[in-house]
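S.K.: I'd like to ask some things about the structure below.
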Amino acid sequence: MLPETPQNPLYERYASPEMARIFSASHRFRTWRELWIALAECERELGLPISAEQIAALQATAGDADLDRVAELERRTRHDVVAHLRHYAEQADRVHEGAGGILHLGATSAYVTDNTDVLLIREALELLAGRLAATIRELAAFARRTRAIPTLAYTHFQPAQLTTVGKRACLWLQDFLLDLSEVRHRIANLRCRGVKGTTGTQASFLTLFHGDGAKVRELDRRLAHRLGFEESFPVTGQTYTRKQDSQVLQTLAGIAESCHKFGTDLRLLQGVGELSEPFDAEQVGSSAMAYKRNPVRAERMCGLARRLITDSLNGPLNTATQWLERSLDDSANRRLVLPDSFFTADAILGLASHVAAGIVVREATLAARVNRELPFMATETLLMEAALRGGDRQELHEKIRQYSLQAQETLETGGDNPLVGLIVGDPDFRLTRQEVEPWLDPVAFTGRSAQQVDEFLEEVVAPALAGTEAAAVAAPRV
């Protein structure tokens, strides 16, 4: 009999174990305890009567949380932080009497919850930076391999001119590079809450240090540095400004935008047979239609990306609706939205890097589609050449228009494109098939596409990845 437990597909099916660990209960609550230890250590360094033995007792029990005992205490207190605090104090007191009494001195619940959130956000952003680097490396390798392969460029999903497969890949690459830059910016500019007290005035810490404001400021600075931040927010209410969450969520939404664009383009191109995502040897495309090779990874990537984009709206809503020094209506929302958004970003980047590593190029289909449309694109060249040989430009233009419509009718009935034959067969154009054939080389219609790929990879991509460690390409979990 299957267990009757609820499922969360985000971390059971899609997100990586690495991201799931960051937002696990054990990691979060261990971080709470590390924050309580860090506060006690900094307070001791600045002269509060805290002994080395008391801190050693805290350190000795930091990894021994009994979540069943915490749940029991929370049922009685209706307060999660107080439940954890009392349980930790119980454990520490068993090692050294009175050790639990130094916990949380001067702090409010937001000291552990908010500072922990920022620490987890930083850790998760660093993981995503590696995922982005992996995706960028795979797309860069793909762009290099396909730098000069001609393909149709589309506007409005209608054939426009020619580009190359590698040049189009650089459009995807550029978006992911912007995401990597934004993630790095967010990591560099994250601020912790620090130690600010109940409503951000630091009144409790001023009492602890007998009115010595300089020590209170030093405690805040020292704690921030101990946590690996350049600084804490200079002013807070009870919580750090939720604008920081909003900025982080917008960064994740930017990753979703890039993944959705990449996935959508690939789905379109797989639909016309030009490219395809990887397809495993035993993969089943459809339970009914055994011949199908559906772009399931790109589709899943797009679906999850839409979820991430919509979830990011909670950031500005939480920021805008905070009352004065704080209200609690953001709490349950953030508990859901922050981890879920990181799970989703992790999942779609895992898909993006895996897909990028295995894109299949259908060169025969590409060539056939190019050859079908190329005569239309060559008409301007043919018109100019014919005019230079004495033809009337306006009359020739009208003939090309009529021949083009005739050619389109032929294509619509399944025939080959007859446009070039119609033009060279008209004596008014003064052109021969032998002269025209060299002008129909597809490469000649791709402009500087191949050179743009080389320049972009060398001048933009390589410097952006210099010194970075790319995460391993993550195979989708399903």
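No lab work stands behind these numbers, since they all come straight from the coordinates. Computed from a predicted model, the values in this text were never measured in an experiment. Because the Cβ atoms are built from the backbone with ideal geometry, glycine has one as well, and the counts that use them run over all protein chains shown.
S.K.: Quick one: Cα centre-to-centre distance for the stretch 356-395 and the stretch 76-121, in angstrom?
M.R.: With the stretch 356-395 and the stretch 76-121 each reduced to a Cα centre, they are spaced 71 Å.
S.K.: Further, regarding this structure: Distance in nm between label sites at residue 454 and residue 60, each 7 Å beyond Cα in the beta-carbon direction?
M.R.: Taking the two extended label points, one gets 6.8 nm.
S.K.: Now, a different point. Within 10 Å of each candidate Cβ there may be at most 15 other Cβ atoms; applying that plus a DSSP loop requirement, which trypsin sites (Lys or Arg not before Pro) in the stretch 19-100 survive? Don't skip to the answer; put the middle values down first.
M.R.: Working: sites: 21, 28, 30, 33, 44, 69, 75, 76, 78, 86, 94; in loops: 78.
For trypsin sites (Lys or Arg not before Pro) across the stretch 19-100 that sit outside H, G, I, E and B with at most 15 neighbouring Cβ atoms in 10 Å, the list reads 78.
S.K.: Next up: Once amide H atoms are placed 1.01 Å from N in the peptide plane, what residues at a sequence separation of 5 or more from residue 164, or on another chain, have their amide H within under 5 Å of its amide H?
M.R.: 151
S.K.: Quote the Stokes-Einstein diffusion coefficient, in whole µm² s⁻¹, for the stretch 193-280, based on the Kirkwood radius over alpha carbon pairs, a temperature of 4 °C and a viscosity of 1.567 mPa s.
M.R.: Once the numbers are plugged in, D ends up at 77 µm²/s.
S.K.: How would you rank 356-363, 54-61, highest first, on the average number of other Cβ atoms within 10 Å across their residues?
M.R.: Highest-to-lowest ranking by the protection proxy: 54-61, 356-363.
S.K.: In terms of the ratio Rg/(2.2 N^0.38 Å) built on C-alpha atoms, what value belongs to the stretch 9-108?
M.R.: For the stretch 9-108, the normalised Cα radius of gyration comes out at 1.20.
S.K.: Now for a different question. Mind checking the full-extension length gain between residue 171 and residue 201? Use 0.36 nm per residue of separation minus the Cα-Cα distance, one decimal, nm.
M.R.: Stretched out fully, the residue 171 to residue 201 stretch lengthens by 5.9 nm.
S.K.: Can you compute the charge dipole magnitude of the chain about its Cα centre, using +1 on each Lys and Arg Cβ and -1 on each Asp and Glu Cβ, nothing else charged? Give it in debye, rounded to the nearest 20.
M.R.: 520 debye
S.K.: While we're here: What whole-number distance in Å separates the alpha-carbon centres of the stretch 155-207 and the stretch 39-67?
M.R.: One Cα centre to the other: 36 Å.
S.K.: Quick one: Kirkwood hydrodynamic radius for the stretch 66-180, alpha-carbon pairs, angstrom, one decimal?
M.R.: On the way: mean 1/r = 0.0522 Å⁻¹.
It is 19.2 Å.
S.K.: Evaluate the relative contact order of the stretch 365-445 (contact order divided by residue number), counting alpha-carbon pairs under 8 angstrom at least 6 apart; express in whole percent. All intermediate terms of the calculation are to be shown ahead of the outcome.
M.R.: Values: 57 pairs, mean separation 27.4, N = 81.
Relative contact order comes out at 34 percent.
S.K.: Percent of alpha carbon pairs in the chain separated by more than 27 Å?
M.R.: Pairs farther apart than 27 Å: 66 percent.
S.K.: Also: Where a Cα-Cα gap under 20 Å defines reach, which lysines qualify for residue 215, not counting those fewer than 8 residues away within the same chain?
M.R.: Straight-line reach from residue 215, under 20 Å: 196.
S.K.: Taking 8 Å as the Cα distance limit and 6 or more residues as the minimum spacing, I'd like the relative contact order of the chain as a percentage.
M.R.: 21 percent
S.K.: Report, largest value first, the span of the C-alpha coordinates of the stretch 365-445 along each principal axis, in whole Å.
M.R.: 38, 26, 17
S.K.: For residue 161 and residue 332, FRET efficiency with R0 = 56 Å and r from the beta-carbon atoms, rounded to 0.05?
M.R.: Result of the calculation: an efficiency of 0.60.
S.K.: Farthest toward the dipole's positive end in the stretch 1-155, which of 140, 32, 55, given Cβ charges of +1 (Lys, Arg) and -1 (Asp, Glu) about the Cα centre?
M.R.: It is 140.
S.K.: Please list, ordered by chain and number, the residues whose modelled amide H lies under 5 Å from the amide H of residue 275; skip anything fewer than 5 residues away on the same chain.
M.R.: Residues meeting the amide H criterion: 270, 362.
S.K.: What lysines does residue 261 reach when the alpha-carbon gap must be under 29 Å and sequence neighbours fewer than 8 apart in one chain are set aside?
M.R.: 167, 243, 292
S.K.: What nm value, rounded to one decimal, do you get for the distance between residue 272 and residue 385 when each label is placed 7 Å out toward the C-beta?
M.R.: 2.5 nm
S.K.: Take the stretch 298-432, drop everything but the C-alpha atoms, weight them equally and run the Debye formula without solvent; then report log10 I(q)/I(0) at 0.12, 0.19 Å⁻¹ to two decimals.
M.R.: -0.68, -1.03
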